[in-house]
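Here it is, the structure, as structure tokens.
Rule-based calculations on the coordinates, nothing more; no lab input. Model, not experiment: these values are computed from the prediction. Please note: Cβ atoms are built from the backbone with ideal geometry, for glycine as well, and neighbour counts cover all protein chains shown.
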Amino acid sequence: MSVNQDYEHAIREAEPVIVDDDATAVEATPRLGADSLIWKFYGDSRGILGFQRLAGTENCIEQLGQAVLDHSVIFDDFLGRARRTGPPVMKTVYSTEPQKWGRTVRDFHRDIKGTISDGSRYHALNPELFYWAHATFVDQVLYITDTFIRRLSYAEKVQIFEESKVWYQLYGVSARSQPQTYEEFLAYWDDMLDRFVPHKTVVYATGYIRQGLPRPKKIPAPVWRVLSAPLNGFIRTVIVGTIPQQMRDVCGLEWDTKREKRFQRFASLMRTANPLINRLPLQWLYVPWAYQAWREIGVDPRPLYNKPAA
């Protein structure tokens, strides 16, 4: 069976498929820990460089873009939505109650449903849709680590994917659409990229790239033109550089060989600087939920970054 063979039919079932959620089943659900690569890399502060890749790829699938448009306040409170969404997912990995937070994330989506442009229905807890949202987080760990922190070996990439199955299990949603191997995940990812559409949600969310960062009201326009020039240059090179070409195409984001070379130089510089970056205080290297988790178990993960990819 080819990857995603039944995707078009299954996603249009638009029905939530929740796994057994009794107390015994939840307690038996495995969890990630300090020995996992996801713990080591997911909460790294350098992950902020991939924020647009994460949010954008997720919403380039029409059903998810429409779900955000129908049920979110993204157009009125973009940063607020990010602050409300990020912590529960982080806590699913790093808290001492991962099953509780995983189910919390799932239950946020119980009433997220509607229709897309062709009139077919969607439901956020349909496994094909929910797994795609999860896959964008798995991709974030793989991509950001390998691009900006240090090169991952093939074995490490396989390990991260296998750990991502445990991560997904914490949500309590059917895994029927989950690839079973890392190679299948790569094929799945490529297939989903080819399904991208220019939905209003993702086009709007990337408007700051095409138009430039909006000027804060308290900063005069001439001053902002000077201040924003390097920021917009960084965004159009580094942030756009993280985005798959299929997303650039549907969002109308310019890219060329010159920008690609600049992006690769920046990424190489970041990887080269990794041993120095790892000398920074732990609270600077990790987002708060990850930092607190490392402190609670008494482990300093910084030396783990410096081993070369095998």
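Out of the stretch 230-310, which GluC sites (Glu not before Pro) are coil in DSSP terms and have no more than 13 other C-beta atoms within 10 Å?
Here the sparse-neighbourhood loop sites are Glu254.
Along the Cα→Cβ direction, 7 angstrom out, place labels at Phe51 and Asp118. What is the inter-label distance in nm?
With each label point 7 Å from Cα toward Cβ, the separation is 3.4 nm.
Still on this structure, please answer the following. Using a simple spin-label model with points 7 Å from Cα along the Cα→Cβ vector, what separation in nm is obtained for Ile18 and Ser268?
Rounded to a tenth, the inter-label distance reads 5.1 nm.
Could you pull the Cα extents of the chain along its three principal axes, largest to smallest, in whole Å?
Principal extents (Cα only, largest first): 58, 51, 40 Å.
Could you list which residues have their amide H under 5 Å from that of Gly114, counting only those 5 or more apart in sequence or on another chain, with H placed in the peptide plane?
For Gly114, the qualifying residues are Tyr122.
Here is a further query. Rounded to whole Å and sorted largest first, list the principal axis extents of the Cα atoms in the stretch 146-230.
Principal extents (Cα only, largest first): 54, 33, 26 Å.
Ok, one more. Pull out the extension gain between Trp284 and Lys258, defined as 0.36 nm times the separation in residues minus the alpha carbon to alpha carbon distance; nm, one decimal.
6.1 nm
Could you please rank Leu193, Leu285, Leu269, placing first whichever residue has the fewest other Cβ atoms within 10 Å of its Cβ?
Going from sparsest to densest Cβ surroundings: Leu269, Leu193, Leu285.
A follow-up question, please. Quote the charge dipole size of the chain about the Cα centre in Debye, to the nearest 20; the model charges only the Cβ of Lys and Arg (+1) and of Asp and Glu (-1).
1980 debye
Ok, one more. So what is the 222 nm mean residue ellipticity for the chain from helices alone, if each DSSP H run of at least 4 adds -39500 (n - 2.57) and you divide by all residues, rounding to the nearest 500 deg cm²/dmol?
After summing the helix terms and dividing by the residues of the chain, the value is -16500 deg cm²/dmol.
Further question: What list do you get for Cys60, Cys251 if you sort them by fewest beta carbons within 10 Å?
Fewest-to-most Cβ neighbours within 10 Å comes out as Cys251, Cys60.
Taking just the C-alpha trace of the stretch 228-310, give me its Rg and Dmax in Å.
16.9, 47
Among the trypsin sites (Lys or Arg not before Pro) within the stretch 223-283, which fall in a DSSP loop and have no more than 10 other Cβ atoms within 10 Å of their own Cβ?
Listed in order of number, the matching sites are Arg279.
A further question follows. Enter the per residue convex hull volume of the stretch 183-228, computed from alpha-carbon coordinates, in Å³ rounded to the nearest integer.
117 Å³
Shifting gears a bit: How long are the semi-axes of the ellipsoid equivalent to the stretch 124-191, from square roots of 5 times the Cα gyration tensor eigenvalues, in whole Å, largest first?
Each semi-axis is the square root of five times an eigenvalue, giving 21, 11, 11 Å.
So, one more: Is the shape of the stretch 153-310 rounded, prolate or oblate, going by the alpha carbon gyration tensor and its root eigenvalues a ≥ b ≥ c, with a/c under 1.5 for rounded and a/b larger than b/c for prolate?
Taking the square roots of the gyration eigenvalues as a ≥ b ≥ c, the stretch 153-310 is oblate.
Between Glu97 and Asp300, what FRET efficiency comes out of the Förster formula 1/(1 + (r/R0)^6) with R0 = 22 Å and r the beta carbon distance, rounded to 0.05?
0.40
When the chain is treated as a GNM, springs tying every alpha-carbon pair under 10 Å, which of Pro222, Pro281, Pro198 comes out with the largest mean-square fluctuation?
Pro222
Continuing with this model, one more query. Which FRET efficiency, nearest 0.05, do Gln5 and Gln246 yield, Cβ-Cβ r, R0 22 Å?
Between Gln5 and Gln246 the formula returns 0.60.
Next question, about the same structure. Arrange Met192, Met270 by Cβ neighbour counts within 10 Å, fewest through most, would you?
Met270, Met192
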